[in-house]
Structure formats: structure tokens, C-alpha cells
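Visitor: Can you keep this structure in mind? I'll have questions shortly.
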2 protein chains.
Amino acid sequence: MNAVNVGLLGLGTVGQGVVGILQRNANEISRRAGREISVTHAAVRDLGKSRPVELNAVTLTDNVSDVVNSDVDIVVELMGGTELAKDSVLEAISRGKHIVTANKALIAIHGNEIFQAALDNGVIVSFEPAVAGGIPIIKAIREGLTANRITRVAGIINGTGNFILTEMRDKGRSFEDALADAQALGYAEADPTFDVEGIDAAHKLTILSSIAFGIPLQFDAVHTEGISTIASQDVAYAEELGYRIKHLGVTTETPAGIEIRVHPTLIPERRLIANVNGVMNAVLVQSDAVGSTLYYGPGAGAEPTGSSVVADLVDVVRTFTTDPENRVPHLAFQPDLLSDKPVLTSDQFECAFYLRLLAEDRAGVMADVTRILADQKISIESLLQKEPIDDQNAVPVVILTHQVKEAAMNTAIEKIEKLDSILAPVARIRVESLD
Amino acid sequence: MNAVNVGLLGLGTVGQGVVGILQRNANEISRRAGREISVTHAAVRDLGKSRPVELNAVTLTDNVSDVVNSDVDIVVELMGGTELAKDSVLEAISRGKHIVTANKALIAIHGNEIFQAALDNGVIVSFEPAVAGGIPIIKAIREGLTANRITRVAGIINGTGNFILTEMRDKGRSFEDALADAQALGYAEADPTFDVEGIDAAHKLTILSSIAFGIPLQFDAVHTEGISTIASQDVAYAEELGYRIKHLGVTTETPAGIEIRVHPTLIPERRLIANVNGVMNAVLVQSDAVGSTLYYGPGAGAEPTGSSVVADLVDVVRTFTTDPENRVPHLAFQPDLLSDKPVLTSDQFECAFYLRLLAEDRAGVMADVTRILADQKISIESLLQKEPIDDQNAVPVVILTHQVKEAAMNTAIEKIEKLDSILAPVARIRVESLD
């Protein structure tokens, strides 16, 4: 069979990973794919820069259009950003090129438009590398679980955040210290906002939610909270209660609509996903036929992400002769059969909570607090009064609640914080039993 | 698009699971697949038997040929056994039917012949349900990891065995008691040989090894040991040393050849796979580009296995219009490019070991033992002398070795057992650090 020619837009870490894998494993890959796959063109910002990969057979250009208008069969978008990337991808699609992209923001924000353009032009846009790096989670959900009505997807889908939370637990470090370590090790950017505030995870969860439930991509509807507010004492108290704190992306189908939320979460330590540590990622999928399945692996890095890029290249190659209507739909469901089920806002969520209060150490305080919770129909699973802090007349109180409407919790916390005996804002973290 | 008609050979637990899923999730599945998939024919042993699924639209027969010669597009083989199943599948292939099978023994033993027949007839034989039930592990390895040179696959791929070992650890029970529990709960057959002696796992590992390394299926070359010899004290000592005992299928590519082995294994408890408990399955894949990925879920049951059957049905449907040479090859690699790398025999394996000796409680015994090990160039990682047993003049000694040629270990154990001071046969269990 003919060799397949690939053009890269961007030749940074992942691009070099892709070139390296295609060269090193050329024999392995062609024994599987039945033909050779080679990078023949690449667009780069700086033509003069030296790169630690063999590029003799690659035509370099600093003009994206040169690649898009070349004779390549597939364009791999690795530029990052959303605007130039979108224009480039749409231009490539209009030239009849298939696309592979690692760009989660691009798909989360402009995916609906891009997929429509792909449909109109009879090409495929493949995006396995955009979610959870090297884990074939898009394939598992879109193809491996086709038999299932999926009820929930919950994932540790940001390695930086998981590294920080793992350090906080293992070494008792503060968020700030753990972040500094992550930066020193190259796991976190100088500006860590995208990772620690959950935006990166929200991009990925947007995609997972759409392919799980067959809804259009709706990044703006994702409820996102970061981990920068997590105190080391919360990590320790969670541990005492048999939980681990993870930065989780959770999307659930409820009778009222779809929840899509990214936030720190207490997970029972006996769950496998609670034991996913360091920069590793894992995605748990709950569905009616198979039950719970979990997919674990490296969520970032040149070669893990490159692994997914190459897998997508082979997948695209295999569908060259497939009638387009027999291809796997971009969002798992046929584009004309997507669901219009609404995405819920945070006050509509139902969740269990971990609350930490700092209360005056005197009789009657807990009666006031539990009365407020009872008035909002919030039932308490456990309440622990910790040792008073040093010489202050103040005790930390930790409460685990049962499942509750988030609007009720908001009201309760507002009232609790108004009590004279409550000395600091209430810390609250959601709890997911994942059973 | 046209509806797809499916014929079942066998309508037992899994068959009923498939019918139930296709009915209950008909809308969900057709929204994904782009067309309806229905069971129209089924061959059963007993036509008169009542079955707890709706079968009004299904033509029942007690003759396999009626299904094979009907107008179904795909035949799902759920008969079990290897001889009649093989004949039926070959007959269906010769009639141009695509095949989905959950029959691990059939594929492990007759797969090479069946795949050749499929190739000659331009049809697909799909077997995701044959390995690890509902986990899409065949898809992950054959398609998700195409970029990678795979170095090792290690799996907990028999739920019965994992249930027994989990009970032994959690409740301190003996193998016999835990097996009786498994039987009472319906997890183990009245004759548990296939599960506890590792034959079922060996069938599955045969398949995993072939798709990982691109070698023909070689069930007869698998080295298989069961878990019936595991003593509760080994489970407890392993725990003290920071390990869990799991019944692992491991296949590794070494410079000398391929190891394919099923045996009880000590795994460091910090590994995720060491924390896979009860009847759950998990498969760890180690490869050069992505690194370690792990796939976890239910390994058996009507609906989990049915989930994989239906996923395969949809996959087959999607390739109806694909040029056969663009399909995913049965064994992941193009059939004319399989490797002839030899499968190693057990004396060629290299492994670390846990040894448990019962030694006379007197000076000099350990000197004799460690001298024998040193003579075989076996280096010791740790050696623990436990408390003497009751009033006997005997102490259990536990030794962990570094990696060693298995032939050397055999020689050493033979010599150790000949020492007057060694009072019982040496218990040995392999150790895999899985790093």
C-alpha cells in the first residue's frame, strides 16, 4: 500500500515526540498499519533553531499554509492556542486534509464548528491526544463502550494538579511549596493558572462529557474550581476520615440534566482512582452494561502524547476507504442525533460535602450549626471536633454531609458564617463516593 | 442505513446479556452506530426452555447450521468448548459471515487457523469479549498503542482466582475455604480447575501475547501454574514485606525470546494493579512511547461480557465498507509480517523469587542455604527468620532474591531441599516489581 504523508503544524515537544516515535518504531508501526507513515512537512516558528530529531526527510517552513497546501494526507495540529490553530485547521479541512490534534482548548471551544466543517468536507478530525495524553480514553469511550448507557465519567486529568496534591499528602507540604516543587521539576508552568485553577481539566472534561452523553461541546457551561484553596489540614483530615483529595473532573447524567464540574474532591481511599499518584492520570467510566472501568496512564509528555498522535494517524489511515457514514462519529453519536439535554448550573448540582469550620470552643455552637444544616434538610454523616488550636479559644470542626442540593448548602454556609461563634470562612470540598 | 442482523450460537448467560443490552440500549446504540443492530436468529440446545429475555423477534433453532445459513450479517459464537465451536465458526466464515466470539479457548487453540480462513473469505473475526470481559483491552492494545514497541503485558485476568486471593488476604482464610466461598457465591465452578490452575488465564494470555508482540497464537507454549499451592502464611509474609500475591499472567519480550507465563506473583503493594481486588480484572501494558498504562474493569458476567460483544458488533458494522487490507489485523500485525521469535521455556525465564523454607532452629543452617544460593549466583535482597513454630524446633525463613535465571533457581532449590536441616519442601513464588 502507498506510504502516508503527514504534515505537522508545530515542532515543539510533542511534535518532536511524534517524529521520534515514527522513526524509531517505523518497522513496528508499518507491520501494524500495513504501510509506512512519514512526516514529510512541518511548519515551525523558527526555521533556524536546532532540534534534537532527524529532520532530513522533512520539508520545513515557517508558513502554515505551505503544509496545508502540500500533498500530505493528514495534518497534525500541535500549535496550541485557539485562534490561529482554528484557522489553520479549517483551512486544512477545506483542502480535504484529515486532522489529528492534541489541542484540547481548540476542540473544547471550537470543536462543534470544526466537526461540522469536517463533515462537510468528508474528512476526520481525530483528537485522542487532547485528553489524558497517552491513555486511549477517547477510543475506549467512543468505541469500547458503545453498548453502554454511560452514567458518569470521573477523571484525574491534570497531572500537575495531581502531583501537587500527592506531594501535599505524602510530605505534608502546603499548596505553595508543592507548586514550587512542581515548577522546579518542570511539571508546572511559570504561570500555573491553567493547571491549578482547573481550566486545562475543564477543556478535557468538556470533551469527555460530549462523547459520553452525546451532547454538543459546551466549554462555557463547565463549573470549574481550582486546588489553590486546599489547605494541608484538609488533606490531613480527609486522610483521617479514610479519603484522599483529588482534583477531579466529573460529568454525570441526572434526570434534570448533565453536570460538568471540575473541583477538588474527597474520594474514599479504597477506590482505585484515589490511589493514582504523582503526574499520572486516570479516568473512571460508570455505565449500565459493563459497570465501572478505569483507564490509567501518563497524561502528558512528548512520547505519551506522541503515542496518541500516532495511534490516531493509524486510525485515520485505516478509514481511508471507509464510507464516511460508517466512520466513528466525532462526538461518538451521529451528528444529527446529539442530545439537547441541558447542562446544569452549580446551584442545581447534588453532592455530598466535607466542611471545615473554625468555631469558638464553648457549649451550644454545634447546636447552632447542626440546626442550620437541619433547616436546609442537610443530613450529617459524621461530625468531628478536633483539638483546640494552640492557645486560641477555637476548635476546628469537620463535618461530612450526605448528598444535598448545592443551593441548600450555599444557604446553610451563608448562615453558618454569620454566626458569632464561627471565626473564619467555612472551607468546603465536595465528596464523591464513586460507587 | 440498513439494519444489521445478528445470529447467536448459544443463548446462555452471555447470550441473554447481549439480547438484553441490544434491546434496552437500542436507542443509545443506534445513535452511535448509525443503524439498528438486532438479534434475529439464535441456536440453542433446548428449544423448550424458558428464558428471562424477550425473544419474540428471534427465530430460535436447535441447529447451528440454521443460523449460519440464515441471512444474518454477523454470527456471535457463545457456545463454549473448542471443537463444535470451531466447526461452526469455520462454517459461518465459509458462508461469508463476520464472527464475534467470547470463546478464549477457541481463539487461543484454533485462532491461527480461524484467522486464516477469515482472511481467505474476506471477513472479520472479532474477540474483545474473550479477554478480560468488559474491559476493551484488545482494542487498547491493537489500536490505542499502535505507536509503541510493547515490552510487557501483565494482567489479573481471572476473576475467580483474584477473588480467592483477595479473601485469603482480607480475611486470613485458607485457599480451600476461600474457594468454597467463591463456589457458594457462584464465582467458581463445581470443578474449579480451569480457573484456579490458570488454564483460563493461559488462554487469555496467549491472545494478549500475540497481539502485543505479533507472534502466532501458541497456547501450548504457555507456562502455567495455579494458586492452589498458596498457603495463608505466604499471603501474610508477603504483606509484611510490602507485597500482595496475585495470580498474574505475564508476557515479556526479552532479547532471547518471549516469555508467556501464568503463576502466583508477589507484586509491590504500591503498584495500582496490586490493589485490584475481588472479582475485578486489570491489565498493565508497558511500552516504549507511552510507558505504563492500565485497564481495569469486570472480567466476566453476562452484561460486562455482553458489552464487549456489542462493541465488537458495532466495530464490525463500521468496517463493512472498508477495504479488507485497511482493517485492524486480527493479531494487531499484518498476517504476513508476524514474528517468529521463539517462546521461551520456563528454565530460560529470568525472575526474582520469594522463597519460604522450614529450617531446623540451629546455628549454621542459614550459612548452608546462602552458600548454595551464592554458588548459583543468586543474590539475596532480604532474608527474614520468623518466630519458631510452636514447640517444634523449626523456624520459617523467608528469602527475597534479585532477578535470577530460573534454571539456577531450580538447581539451588534442589540442593537446599537435600540439606538435613531443611524440614519441608521449599515454597517458591515469583516476584514482579513491574517497574
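The values are calculated or read from the model by the stated rules, or taken from the named source; none is laboratory data. What you are looking at is a predicted structure, and each value in this text was computed from that prediction instead of being measured. All Cβ positions, glycine included, derive from the backbone under ideal geometry; neighbour counts span all protein chains shown.
Visitor: Tell me which residues, restricted to the range A:98-132, are touching an Asp or Glu at 6+ places or on another chain (Cβ under 8 Å) and free of Cβ contacts under 8 Å to residues at least 40 places away in the same chain.
Guide: A:99, A:101, A:103, A:106
Visitor: Looking only at the range A:320-327, decide whether some residue is within 17 Å of residue B:139 (Cα to Cα) and of a type outside the set (Lys, Arg).
Guide: no
Visitor: Only one residue in B:171, B:104 is charged (D, E, K, R) and not assigned by TED's automatic domain parsing to the domain that holds residue B:244. Which one?
Guide: On the way: B:171 fails: not assigned by TED's automatic domain parsing to the domain that holds residue B:244.
Selected residue: B:104, the only one of B:171, B:104 that is charged (D, E, K, R) and not assigned by TED's automatic domain parsing to the domain that holds residue B:244.
Visitor: Looking at the range B:405-435, which of its residues are surrounded by 15 or more Cβ atoms within 10 Å (Cβ to Cβ) and either assigned to a loop (DSSP other than H, G, I, E, B) or free of Cβ contacts under 8 Å to residues at least 24 places away in the same chain (or both)?
Guide: Of everything in the range B:405-435, those that are surrounded by 15 or more Cβ atoms within 10 Å (Cβ to Cβ) and either assigned to a loop (DSSP other than H, G, I, E, B) or free of Cβ contacts under 8 Å to residues at least 24 places away in the same chain (or both) turn out to be B:419, B:421, B:423, B:426, B:432, B:434.
Visitor: Working only within the range A:184-207, note down all residues that are under 18 Å from residue A:160 (Cβ atoms) and not in a loop (DSSP other than H, G, I, E, B). Outline the logic, then answer.
Guide: Of the range A:184-207, the ones under 18 Å from residue A:160 (Cβ atoms) are A:184-205.
Those that are under 18 Å from residue A:160 (Cβ atoms) and not in a loop (DSSP other than H, G, I, E, B): A:184, A:193, A:194, A:195, A:196, A:199, A:200, A:201, A:202, A:203, A:204, A:205.
Visitor: Before we move on, is residue A:72 crowded, with 21+ Cβ neighbours inside 10 Å and in a loop (DSSP other than H, G, I, E, B)?
Guide: Yes: the conditions hold for residue A:72.
Visitor: Hey, another quick one. Would you point out the residue of the range A:139-153, among those that are crowded, with 24+ Cβ neighbours inside 10 Å and more than 9 Å from every other protein chain (Cβ to nearest Cβ), that is nearest to residue A:248 (Cα to Cα)?
Guide: In this case the residue turns out to be A:153.
Visitor: Take the residues in the range B:1-21 that are at the interface with chain A (Cβ under 9 Å from one of its Cβ atoms) and modelled with pLDDT of 95 or more, then tell me which one is surrounded by the fewest Cβ atoms within 10 Å (Cβ to Cβ).
Guide: Once the filter is applied, the top-ranked residue is B:20.
Visitor: All but one of (1) surrounded by 14 or more Cβ atoms within 10 Å (Cβ to Cβ); (2) over 29 Å from the mean Cα position of the chain (by Cα) hold for residue A:64; which doesn't?
Guide: All conditions pass for residue A:64, except number (2).
Visitor: Of the numbered conditions (1) touching an Asp or Glu at 6+ places or on another chain (Cβ under 8 Å); (2) farther than 25 Å from residue A:106 by Cα, residue A:17 fails exactly one; give the number of that condition.
Guide: (2)
Visitor: Next question. Failed condition for residue A:417, given (1) out of contact with any strand residue (DSSP E or B) (no Cβ under 7 Å at 6 or more places or on another chain); (2) under 26 Å from residue A:433 (Cα atoms), with all others met?
Guide: Every condition holds for residue A:417 apart from (2).
Visitor: Between a residue in the range A:315-343 that is facing another protein chain (nearest Cβ under 7 Å) and any residue that is of a type in the set (Asp, Glu), which pairs come within a Cβ distance under 7 Å, given they are 6 or more apart or on different chains?
Guide: From residues that are facing another protein chain (nearest Cβ under 7 Å), the pairs are A:315/B:143; A:321/B:323; A:328/A:143.
Visitor: Limited to the range B:210-239, what total is found for residues that are of a type in the set (A, V, I, L, M, F, W, C) and either part of a helix (DSSP H, G or I) or surrounded by fewer than 21 Cβ atoms within 10 Å (Cβ to Cβ) (or both)?
Guide: Counting residues in the range B:210-239 that are of a type in the set (A, V, I, L, M, F, W, C) and either part of a helix (DSSP H, G or I) or surrounded by fewer than 21 Cβ atoms within 10 Å (Cβ to Cβ) (or both) gives 9.
Visitor: Given the residues A:256, A:274, A:300, A:282, which is the only one that is at the interface with chain B (Cβ under 9 Å from one of its Cβ atoms), in contact (Cβ under 8 Å) with a residue 24 or more places away in the chain and of a type in the set (A, V, I, L, M, F, W, C)?
Guide: Every option except A:282 fails the conditions.
Visitor: Which one is farthest from residue A:109 (Cα to Cα), of the residues in the range A:200-247 that are more than 19 Å from the chain's Cα centre (by Cα) and among the polar types (S, T, N, Q)?
Guide: Looking at residues that are more than 19 Å from the chain's Cα centre (by Cα) and among the polar types (S, T, N, Q), I get A:233.
Visitor: Checking the condition in contact with a Lys or Arg (Cβ under 9 Å, 6 or more places away or on another chain), within 14 Å of another protein chain (Cβ to nearest Cβ) and buried (at least 21 other Cβ atoms within 10 Å of the Cβ), which residue from A:32, A:24 passes?
Guide: One residue alone meets the criteria, A:32.
Visitor: Which one is nearest to residue A:148 (Cα to Cα), of the residues in the range B:39-50 that are surrounded by 16 or more Cβ atoms within 10 Å (Cβ to Cβ) and more than 14 Å from chain A (Cβ to nearest Cβ)?
Guide: B:40
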